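These notes are about the structure you will find just below.
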Amino acid sequence: MARGTVQLKNGAVELKVFVASIMLVLDRLVDEKPVAALDLVMKCRDSSYQFFSDNEEILQARNLVEKHGTIHSSIRNVVLSAFEGDGFDMVLHSPVATGS
């Protein structure tokens, strides 16, 4: 693994600073807009998922979703590795794999 990178729970390798910055955004999103956070996870799990209400705009404003609702693969890796559970029982954890 290259210096300055971490392995995520989903097996992906991402820049450590990138993961840390996305986690700050996700932590704030969960506190301020939990339904938008849920929508983000659902979209990362299923690319055909349709955002609820104005959540796409909320997520675009936080640079988590690109134009036309697409999600960059590195953001998807962090989200899929960081959230556990389903629905409103989802919990945000460290996305970093044990031993990384």
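Each value in this text was obtained by applying a stated rule to the coordinates, not by laboratory testing. Nothing here was measured: the structure is a model prediction, and the numbers come from that model. Note that we place each Cβ from the backbone using ideal geometry, even for glycine, and neighbour counts take in every protein chain shown.
So what is the relative contact order of the range 5-91, in percent, for Cα pairs below 8 Å that sit 6 or more residues apart?
Reported relative contact order: 30 percent.
For the range 10-63, what is Rg from Cα atoms divided by 2.2 N^0.38 Å, rounded to two decimals?
Here the Cα radius of gyration is 1.18 times the empirical estimate.
Taking neighbour counts of Cβ atoms within 10 Å as a proxy for exposure, in what order, fewest first, do S73, S48 appear?
Fewest to most other Cβ atoms nearby, the residues stand as S48, S73.
Could you tell me what % of all Cα pairs in the chain have separations over 22 Å?
Percent of Cα pairs beyond 22 Å in the chain: 23.
Using Cβ contacts closer than 10 Å as the measure, can you line up H68, H93 from fewest to most?
Going from sparsest to densest Cβ surroundings: H68, H93.
For the range 1-41, list residues with backbone N below 11 Å from a point placed 7 Å from the Cα of A97 toward its Cβ?
Under cut-off, by backbone N: 1, 6-14.
How big is the charge dipole of the chain about its Cα centre, in debye rounded to the nearest 20, if each Lys and Arg gets +1 on its Cβ and each Asp and Glu gets -1 on its Cβ?
Using Cβ point charges on Lys, Arg, Asp and Glu, the chain gives about 480 debye.
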